[in-house]
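Contents: one structure, followed by commentary.
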Amino acid sequence: MYLIVGLGNPGSKYARTHHNAGFDVVTLISEKLRIPLTKLRCKAVLGEGSYEGERVVLAQPQTFMNLSGESVVALMNWYKPEWDHLLVVYDDVDLPLGKLRVRAKGSAGTHNGMKSILYLTGRDDFPRLRIGIGRPPEGWDLADYVLTGYRTQEEMETAFAAYQRAAESALIWIRDGFAKAAAFANAEPCKVEP
């Protein structure tokens, strides 16, 4: 059984913002696997289905980012997957826009959603997939930046390509294991020449 949790903030006000990268990736996975996100349970919108013979649960916590741990604890208690079968997907200002990083464990860094999860679970030994959103422009407040949308067509295209690669990484993780998913996600994406 695999649980993929994409972090973000609920409501249309926050849709398509930097901080909702995790939500957007889970939405893409739900479309790829035809697992509709229609249930409400464990303080999350979620979908249940299967992929490659494995049970899969996709979740978008509805607690707001800083309280994400409340939903993750409830999901882990309800579904009871192994900790290495939990994948948390979220944005990261410390990675350049479009860059992905998959890690098996680690700290929360500057991300308040991950801080909540680590604090409430008391663990850091579960996979996470970070999606680079880059640093705020000069003079911007970090909180304002993460809650804004992409400013140019190029930024939107770069972000969407990263979301697609992140969704594929999650499927590789289920199908072929952590090491292959990490190798795929952590590799530099191919550049397409105009």
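Throughout, read-outs are computed from the coordinates displayed, never taken from laboratory work. All figures in this text were calculated on a predicted structure; none of them were measured in a lab. Reconstructed Cβ throughout: ideal geometry from the backbone, glycine too, with neighbour counts over all protein chains shown.
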For this session: For Lys39, list the aspartates and glutamates whose Cα falls under 16 Å from its own Cα; do not include residues on the same chain fewer than 8 positions away.
Result: Glu31, Glu48
For this session: Calculate the dipole size of the chain relative to its Cα centre from +1 charges on Lys and Arg beta carbons and -1 charges on Asp and Glu beta carbons; express the result in debye to the nearest 20.
Result: 460 debye
Exercise. What longest range of the chain stays clear of loop-exposed GluC sites (Glu not before Pro) (DSSP non-H/G/I/E/B, at most 16 other C-beta within 10 angstrom)?
Worked result: 139-194
For this session: Using only the alpha-carbon atoms of the chain, report the extent along each of the three principal axes, biggest first, to the nearest angstrom.
Result: 43, 34, 30
Exercise. Check Lys99: other-chain or 5+ apart residues with amide H under 5 Å from its amide H, H built from backbone geometry?
Worked result: Gly132
Seminar exercise, completed: Given a Förster distance of 25 Å, the FRET efficiency implied by the Cβ-Cβ spacing of Gln153 and Ala15, rounded to the nearest 0.05, works out to 0.90
Problem set entry | Pairs from Lys32/Lys99; Lys43/Lys115; Lys115/Lys180; Lys32/Lys180; Lys13/Lys43; Lys99/Lys180 whose Cα-Cα separation, in the structure shown, is over 25 Å | Lys115/Lys180
Seminar exercise, completed: Here the percent of antiparallel bridges among DSSP beta bridges lying wholly in the chain, to the nearest 5, is 55 percent
Seminar exercise, completed: Residue-normalised 222 nm signal for the chain, counting each DSSP H run of n ≥ 4 as -39,500 (n - 2.57), nearest 500 deg cm²/dmol, is -11500 deg cm²/dmol
For this session: Using a/c under 1.5 as the rounded threshold, could you call segment 13-123 rounded, prolate or oblate? The axes a ≥ b ≥ c are square roots of the C-alpha gyration tensor eigenvalues, and prolate needs a/b larger than b/c, oblate otherwise.
Result: rounded
Seminar exercise, completed: Once phi for every residue in segment 5-22 is put through the Karplus expression 6.51 cos²θ - 1.76 cosθ + 1.60 (θ = phi - 60°), the whole-Hz ³J(HN,Hα) values, with Gly and Pro written as x, are 10, x, 8, x, 10, x, x, 5, 4, 9, 4, 6, 9, 3, 6, 9, 4, x
Problem set entry | Shape category assigned to segment 1-70 from the gyration tensor of Cα positions, a/c cut at 1.5 | prolate
